[in-house]
Amino acid sequence: MTDDELYPIGDAARRSGLSVSAVRFYADTGLVTPTALSEAGHRLYDIHAIARLELVRTLRELDADLDEIRRLIDGGTTLHDLLTTHLRVVERQERTLRARRAVLTALIRQGGTAAQAGLMHRLVSMTDEERERIIDDFWNDVGANLDVPEGFVDRLRTMRPVLPADPTAAQLEAWIDLADLVSDPAFRDAVRAYLRDAYAAPETRPLATAPFQEFIHVSGVPLMEELLAACRAGESPRSPRAQRAVTRFMEAATALSGTPLTAEVRDRMADGYRQIPDIVRRMAEEDASSGSLVYDDTHGRYVSLVARINGVAIEEGHDSVPYAWIAEAMRAEEPPSP
């Protein structure tokens, strides 16, 4: 193929990947005119015209309309601008398809009705303000007349779903599940009852106060992570690194109640950590046998769905926490033998 060689319409169609009728149509509309005519009046195309035909075919496959392609060929726009515009169109179509997939998946899983299909479509099409309003309504209802320390519910409501501008299908499905749950009066009652049972009792009420919550979720997190890092590195719980980390953690924890970190307090905290796995297991067994409200079915369900929507990792479960190692690190130094 040379620059000055001319090809009949059949060859031009084959080389450009178009049908003969399409090549003829683009010539008749003036989009890609033939380079010359044979003595018999047949259309002939050089390699530059064939390259333009290939470009037209590619852009049409990307759903560019003829006017846009004409502006590009005539120099009224650039290929970059045209492709950028169509990339945005494709991205919008992709988001729409993901939303439809999420709705269909949720409907299939739940065996939904036509009315539910309309509701789910509305849920994934909501604005940020509408989503915020649903979550605010949920926490306003849950927190109404709930006998827990002041500010506790306000802290809980700070964990909110933030659906990204380009959510995955899994995030949309999680949002549908969450919106359905928080709008359910029975779920609201269950969360309220769980929080009341878990934090209104005298022995657990201090855990819901602002200082304890701030330590559990903010200031204490890097201290515990420092301690866990020593464990993951294979350090002995009695190593200098582990002891420095556990001492910082315990000093910050006991400061909440103004308790000095004595050897007796260290041993008491160590014993408490050592017993946690058995306590959690017994509580799970009691909950299962009594049918009482549990974290995973109430507030924990809310937290899990928010984490999926926000694309963050869910906190480790009790089974993955090295309680025995932490308890050994917390244990007070034994006095030297006489």
Conditions (1) at pLDDT 90 or above; (2) in contact with a Leu (Cβ under 9 Å, 6 or more places away or on another chain); (3) open to solvent by less than 80 Å² (accessible area, probe 1.4 Å); number of the one not met by Pro211: (1)
Those residues of region 57-84 which are in a helix (DSSP H, G or I) and either in contact with a Cys (Cβ under 6 Å, 6 or more places away or on another chain) or open to solvent by 70 Å² or more (accessible area, probe 1.4 Å) (or both), in sequence order: Arg60, Glu61, Asp67, Arg70, Arg71, Asp74, Leu79, His80, Asp81, Leu83
Hits in region 281-338 - residues which are farther than 19 Å from Pro161 by Cα, modelled with pLDDT under 70 and surrounded by 10 or more Cβ atoms within 10 Å (Cβ to Cβ): Met283, Ala284, Glu285, Glu286, Asp287, Ala288, Ser292, Leu293, His318
Pick from region 39-53, criterion open to solvent by 80 Å² or more (accessible area, probe 1.4 Å) and within 56 Å of the chain's Cα centre (by Cα), ranking: farthest from Pro8 (Cα to Cα): Arg52
Residue list for region 252-261, restricted to those being in a loop (DSSP other than H, G, I, E, B) and closer than 25 Å to Met159 by Cα: Leu256
Boolean, Glu225 is open to solvent by 60 Å² or more (accessible area, probe 1.4 Å), under 27 Å from the mean Cα position of the chain (by Cα) and farther than 18 Å from Phe152 by Cα: yes
Near pairs, Cβ below 9 angstrom, 6+ apart or cross-chain, from region 235-259 (touching a residue at least 60 places away in the same chain (Cβ under 8 Å) and of a type in the set (Gly, Ala, Ser)) to any residue that is assigned to a loop (DSSP other than H, G, I, E, B) and surrounded by fewer than 18 Cβ atoms within 10 Å (Cβ to Cβ): Ala242/Ser236
All positions within region 230-246 that are under 36 Å from the mean Cα position of the chain (by Cα) and surrounded by fewer than 14 Cβ atoms within 10 Å (Cβ to Cβ): Arg232, Ala233, Gly234, Arg244
Candidate set from region 132-157 (those that are open to solvent by 50 Å² or more (accessible area, probe 1.4 Å) and under 30 Å from Arg88 (Cα atoms)); member that is nearest to the chain's Cα centre (by Cα): Glu132
Residue match in region 184-194 (condition: open to solvent by less than 40 Å² (accessible area, probe 1.4 Å) and β-branched (Val, Ile, Thr)): yes
Residue identified as farther than 30 Å from Ala64 by Cβ, hydrophobic (A, V, I, L, M, F, W, C) and modelled with pLDDT under 90 among Ala186, Ala115: Ala115
Output for region 21-32, where each listed residue is among the β-branched types (Val, Ile, Thr) and surrounded by 14 or more Cβ atoms within 10 Å (Cβ to Cβ): Val23, Val32
When residues of region 158-171 are limited to those that are open to solvent by less than 60 Å² (accessible area, probe 1.4 Å) and closer than 21 Å to Trp139 by Cα, the one modelled with the lowest pLDDT: Leu163
Qualifying residue in region 53-66 (condition: touching a helix residue (DSSP H, G or I) at 6+ places or on another chain (Cβ under 7 Å), within 30 Å of Leu172 (Cα to Cα) and at pLDDT below 75): no
Test: Phe249 is surrounded by 13 or more Cβ atoms within 10 Å (Cβ to Cβ), assigned to a helix (DSSP H, G or I) and at pLDDT below 90: no
Some residue of region 100-107 being surrounded by 15 or more Cβ atoms within 10 Å (Cβ to Cβ) and at pLDDT 85 or above: no
Of residues in region 189-243 being in a helix (DSSP H, G or I) and among the hydroxyl-bearing types (Ser, Thr, Tyr), the one farthest from Leu256 (Cα to Cα): Tyr194
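The values are calculated or read from the model by the stated rules, or taken from the named source; none is laboratory data. All of these numbers come straight from a predicted model, not from anything done at the bench. Note that each Cβ is placed from the backbone with ideal geometry, even for glycine, and that neighbours are counted across all protein chains shown. All accessible areas refer to the heavy atoms of the entire protein, side chains included, with ligands and DNA or RNA removed. Shrake-Rupley method; radii C 1.70, N 1.55, O 1.52, S 1.80 Å.
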